[in-house]
Amino acid sequence: MQDDDIATIMRALGHPVRLNILRILANEQRGECCCADVTDELTLAQSTVSQHIKVLLDAGLIERKPRGTRNCYIVQHERLAALGTAFSGMVAGLGPVPPKLESEPA
């Protein structure tokens, strides 16, 4: 996963409502959830929920599945797993650099 991908996903996850939407979708027994179902669980207008869902879609964190006249959404667990792997590697790379040992003068 490239740094641009990580930054895009982190921006999408940077709002508490979007984190909550991901939790709602991840906990859905059917494996998918429509926008109206998400709106029912939040105290936000449908248009606000739709805007947050669009950000998650654009970041590739969820996928849209048309179901008749409705769109349902599914969490992209593979993308989240890839983020976890990339993020742990990135954080490990930010650790302190061990000091270089100076060679003894001859």
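Any residue at all in region 58-76 that's part of a strand (DSSP E or B), among the polar types (S, T, N, Q) and either crowded, with 16+ Cβ neighbours inside 10 Å or modelled with pLDDT under 90 (or both)? Before the answer, list the steps.
To start, the set of residues in region 58-76 that are part of a strand (DSSP E or B) comprises 62-67, 70-75.
Restricting the remaining residues to those that are among the polar types (S, T, N, Q) gives 71.
Narrowing further to those that are either crowded, with 16+ Cβ neighbours inside 10 Å or modelled with pLDDT under 90 (or both): 71.
Checked against the condition, which is being part of a strand (DSSP E or B), among the polar types (S, T, N, Q) and either crowded, with 16+ Cβ neighbours inside 10 Å or modelled with pLDDT under 90 (or both), region 58-76 yields at least one hit.
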Please enumerate the residues belonging to region 40-57 that are free of Cβ contacts under 8 Å to residues at least 12 places away in the same chain, small (Gly, Ala, Ser) and in a helix (DSSP H, G or I).
SER47
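The values are calculated or read from the model by the stated rules, or taken from the named source; none is laboratory data. Just so it is clear, the structure is predicted and the values come from calculations on it, not from any experiment. Every residue, glycine as well, gets a Cβ built from its backbone with ideal geometry; the counts of neighbours run over all protein chains shown.
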